[in-house]
Protein chains: 2
Amino acid sequence: MLMIPGPTPVPEKVLLAMAKHPIGHRSSEFSQIIAETNENLKWLFQTKNPVLALCASGTGTIEAAIVNFLSTGDRVIVGSNGKFGDRWAQIAKAYGLNVQSITAEWGVPLNPDDIASALQADGDIKAVIVTHSETSTGVLNDLEAINKAVKENSDALIIVDAVTSLGSHNIPVDEWGIDVIGSGSQKGFMLPPGMGFVTASEKAWAAYEKATLPKFYLDLGKYRKAADKASTPFTPPVNLYFGMKVALEMMKAEGLENIFARHTRHKEAARAAMKAMGLPLFAPDTHASPAVTSVVPDGIDAEKIRSVMKKRFDIALAGGQDHMKGKMFRMGHLGFVSDRDILCAITALEATLQELGYKPPASGVLAASERLQKG
Amino acid sequence: MLMIPGPTPVPEKVLLAMAKHPIGHRSSEFSQIIAETNENLKWLFQTKNPVLALCASGTGTIEAAIVNFLSTGDRVIVGSNGKFGDRWAQIAKAYGLNVQSITAEWGVPLNPDDIASALQADGDIKAVIVTHSETSTGVLNDLEAINKAVKENSDALIIVDAVTSLGSHNIPVDEWGIDVIGSGSQKGFMLPPGMGFVTASEKAWAAYEKATLPKFYLDLGKYRKAADKASTPFTPPVNLYFGMKVALEMMKAEGLENIFARHTRHKEAARAAMKAMGLPLFAPDTHASPAVTSVVPDGIDAEKIRSVMKKRFDIALAGGQDHMKGKMFRMGHLGFVSDRDILCAITALEATLQELGYKPPASGVLAASERLQKG
C-alpha cells in the first residue's frame, strides 16, 4: 500500500489498460488516443492552451518549463523552500541563467512580499520559478499570492512546478494567467511514473520565439507542433497513454471540484489525526500540501516508524530528504486515495506508535474519522 | 500484429509484469530490481561499464550520448544516410557544436573511408557520431569498419546510435572500444517505449569531466553516481522496470548468440521473400539491417499495401519517412519476433499483392520458409 507522494496508487483498470499490446505510435488508433487525452489534459489543467506530454520525469518536465522560455544570462528568481526549489535553481544555473534565490526555511512557506520586493529592486527579471507544493516538506506555497506579486511588480514569466499539486488543488491556470506549469504522471494523475505534462501561455510562447537556451528533446515547440496534429515529436510511452486515457476518464467522471474536495478532506483528516496523536506537523495549517503530510515525530525515530509500518502492515511512508532524513516521515494522500485508505493508514500508524512504546494522548483514528465524516 | 521497427511486440509475461501496482522507487525492493537489471544490461551491452537507464525516448537518449561528452564549438563529424543521422546533426547544431556531415544517399551505407579522410584532414575532431542501423532506410552501417577508421585516424570519441541494432546484431562494445552507445526500450528489448539506455567508456567519462554543454535531466554523471548505489537520480518509470526485469531474463535464457542468429535468419528470410516476389529492396544485402527490411515496390502504391495489410490482416507495417513517404514500406523484425510471425507476415503480404492485382514471379512464402528451415 503506497502512502508516499509518488509513485501514487494506480487503479486496477488503469494498470490493465497499460497491459495491452503496444500499437504503432503513428497509427490512426493511437492518434485518436492522443487527441482525446490532449483534450482531457486541457480540462484538467483548466487551460485552452495545449498541454504537452513528455516522456520524462518531473525533473525533466520542469527543466523543459525553464529552458524553453529563457536565454543565457537571463536574470531569474527562484523561490526555494525545499529540495525541489533548490533543484530548479540548480537547473537554471546549469544553463547559465543568472539566479537570485528567494528562500524560506524548510517547513516555512515562501513570502510573496519577498518576491515582490526582489522584483521591485530589479526591473530586469525575466522569470520567477516557483514550486507550488514542496514535496520535501509538505508546504503548499501560496501560488495565487505569488502570482499576483509577479504580475503587479513585473513583466516576468511565472514558471510553476505543480508536480504534486496539479490535480489535487485548484489551479485555474488561464484565469490566473500562469505562464508555464508542469506536472508528472505518477502524482495526481493516478498513473505510474514515466510522463510529464507542461502547458504555456501565449506570453510564454512569445518568449519561446526569442529564447536561445539549447534544447532538442525538451524543445516544447516540437511538442506543440505535433500536438496540433494529434501526434508527438518523438516516440511516446504508448502503454502509459493507454493508462492515461482511462485515468483521465475517471477524473472527468469524478469532476474537478470533487477531486479537490477529496484531497482537502484527506489532508485535513491526516493532520487532525497527527495532532490528536501528539505528532508535530512540519508545515503550518495555512500552507499545508494536499498531496503530502510531513511529520516530525519528536523523540521517536522516524525511520523506525517507517520500518514497522512497512514490515507489519505493508504500508509505505516516505522518509525525510537531505538534512531531514531520519527526523521526518511523510504520508502521501495524492491521486487514487480513498477515505478507507486514510483511515487504514492512520490506524496502522497508531498501532505502530503503540509497538514503539509511544502512547498517543488521543486517538488519531477518531480524529481522522470525525473529519472524514464532514465530507 | 506489429511488424514495424518500434514499438515492437512485447511478450505477455512482460506486459503482465508491467500491470503490477507500482512500488516506491526508493524502496529496497526496487533497489534490488535496479541492481539486477543493471547487471543484465551490462551483459546485453557486452560491457563492464554501467549501462544507464533514462526515462526518455531514443532521441532523448542519443541527445544525452552527445551532450555529456562535448563542449560548445567542438568540431564533430556526423555520419548521415537517413532521417536519424540527420537528427543527430540537428541536435549537435542545436547545442552549438561545429558539425561536419559525412553523408551517403538514403539506402546507401556510409563509406568508412570518407570518415577516415575527414579525420585525416582535420586533426581536431572531438567526436564521430554515427547511426548503426538506420531505421528510416533499413541500412546497417558497417560499425566495425567505421570504428576502426575513427581509431586509426584520430583520438575522437565514437558515439553510436544503436537504437535499432542493439540486441539484434553483435556489437562487442568493450572489445571494439565503442565510446558511447545508446538504445531504446521499444526496440530489441521487447519492452514498450518509455526508456533509453546508454553506456560510456572510460575515455568518454574522462571527456565528460571537461565537457561544458549544459545538461541536468540528461546529465549522465548523475545517473552513473546513482547506478553505483542501485538507484536513479530522478523518478524512474517503475512499471517499465518491472517489465524490463522479465524481458532481460528472457533474453539471458535465449542467449546473445541465439538472439543475433534469430534476427539474421528473419532478416534473410524477409529479404529472400521480397526478392522472390519481385519487390525491390532498398538496402544492399551487404548492409541490411537485422531490425527492418525496407521495400520500394515499383509500380505499386506502398501506402495501399500497408492499408490492405492493416485492414484485412491487422498487420502493421511502417511507411516511408520524409521524401520516401508513399514510395516505401518497412517490415520490422526486431525483438520478440518468431519464425511464425515472419511466415505469417509474408503470407499476408503475398495475399495483399494478389488483392492489388500484382502477380509475384515466385512465392515469397516458399523462399522465406526455405531460409527459415536452415535455422
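The values are calculated or read from the model by the stated rules, or taken from the named source; none is laboratory data. Small disclaimer: the values here were computed from a predicted structure and weren't measured. All Cβ positions, glycine included, derive from the backbone under ideal geometry; neighbour counts span all protein chains shown.
Looking only at helices (runs of 4 or more DSSP H) that fall completely inside the range B:1-107, which ones have 2 or more residues that are closer than 24 Å to residue A:184 by Cβ and small (Gly, Ala, Ser)? Outline the logic, then answer.
Numbers: elements: B:12-18, B:28-45, B:58-67, B:83-94.
In the range B:1-107, the matching helices (runs of 4 or more DSSP H) lie at B:28-45, B:58-67.
Could you say which residue among A:147, A:141, A:170, A:153 is of a type outside the set (D, E, K, R) and under 20 Å from residue A:59 (Cβ atoms)? Explain how you work it out, then say what you get.
Working: A:147 fails: under 20 Å from residue A:59 (Cβ atoms); A:170 fails: under 20 Å from residue A:59 (Cβ atoms); A:153 fails: under 20 Å from residue A:59 (Cβ atoms).
Being of a type outside the set (D, E, K, R) and under 20 Å from residue A:59 (Cβ atoms) holds for just one of A:147, A:141, A:170, A:153, which is A:141.
Is it the case, given these coordinates, that residue B:72 is surrounded by fewer than 21 Cβ atoms within 10 Å (Cβ to Cβ) and either more than 12 Å from chain A (Cβ to nearest Cβ) or touching a helix residue (DSSP H, G or I) at 6+ places or on another chain (Cβ under 6 Å) (or both)?
No; evaluated as a whole, the condition is false for this residue.
Across the range B:212-224, which residue is farthest from residue B:47 (Cα to Cα) among those that are within 12 Å of another protein chain (Cβ to nearest Cβ) and in a helix (DSSP H, G or I)?
Filtering first and then ranking leaves B:222.
Within the range A:265-283, how many residues turn out to be surrounded by fewer than 17 Cβ atoms within 10 Å (Cβ to Cβ) and either touching a strand residue (DSSP E or B) at 6+ places or on another chain (Cβ under 8 Å) or acidic (Asp, Glu) (or both)?
2
Can you confirm whether the range B:109-118 contains a residue that is free of Cβ contacts under 8 Å to residues at least 60 places away in the same chain, of a type in the set (A, V, I, L, M) and surrounded by fewer than 24 Cβ atoms within 10 Å (Cβ to Cβ)?
yes
Pick from the range B:225-245 the residues that are away from chain A (no Cβ under 12 Å) and part of a loop (DSSP other than H, G, I, E, B): which of them is nearest to residue B:36 (Cα to Cα)?
B:230
Which residue pairs have Cβ atoms closer than 7 Å, lie 6 or more positions apart in sequence or on different chains, and pair a first residue in the range B:304-318 that is part of a helix (DSSP H, G or I) with a second residue that is surrounded by fewer than 15 Cβ atoms within 10 Å (Cβ to Cβ)?
The qualifying pairs are B:304/B:356; B:305/B:356; B:308/B:355; B:308/B:356.
From A:368, A:348, which residue is part of a helix (DSSP H, G or I) and crowded, with 23+ Cβ neighbours inside 10 Å?
A:368
Condition check ((1) within 14 Å of chain B (Cβ to nearest Cβ); (2) more than 25 Å from residue A:194 (Cβ to Cβ)) across all residues:
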residue	(1), (2)
A:55	yes, no
A:84	yes, no
A:113	no, yes
A:128	no, yes
A:132	no, no
A:141	no, yes
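Within the bounds of the range B:29-39, is there any residue that is at the interface with chain A (Cβ under 8 Å from one of its Cβ atoms) and either under 21 Å from residue A:21 (Cβ atoms) or in contact (Cβ under 8 Å) with a residue 40 or more places away in the chain (or both)?
Keep residues of the range B:29-39 that are at the interface with chain A (Cβ under 8 Å from one of its Cβ atoms), which gives none.
Within the range B:29-39 (the criterion being at the interface with chain A (Cβ under 8 Å from one of its Cβ atoms) and either under 21 Å from residue A:21 (Cβ atoms) or in contact (Cβ under 8 Å) with a residue 40 or more places away in the chain (or both)), the answer is no, since none of the residues qualifies.
Out of (1) assigned to a helix (DSSP H, G or I); (2) within 30 Å of residue A:135 (Cα to Cα), the odd one out for residue B:209 is which?
(2)
When you look at residue B:309, is it within 14 Å of chain A (Cβ to nearest Cβ), over 21 Å from residue B:263 (Cβ atoms) and of a type in the set (A, V, I, L, M), yes or no?
So residue B:309 passes the test.
In contact with a helix residue (DSSP H, G or I) (Cβ under 7 Å, 6 or more places away or on another chain), at pLDDT 95 or above and within 15 Å of residue A:87 (Cβ to Cβ), is that true of residue B:216?
yes
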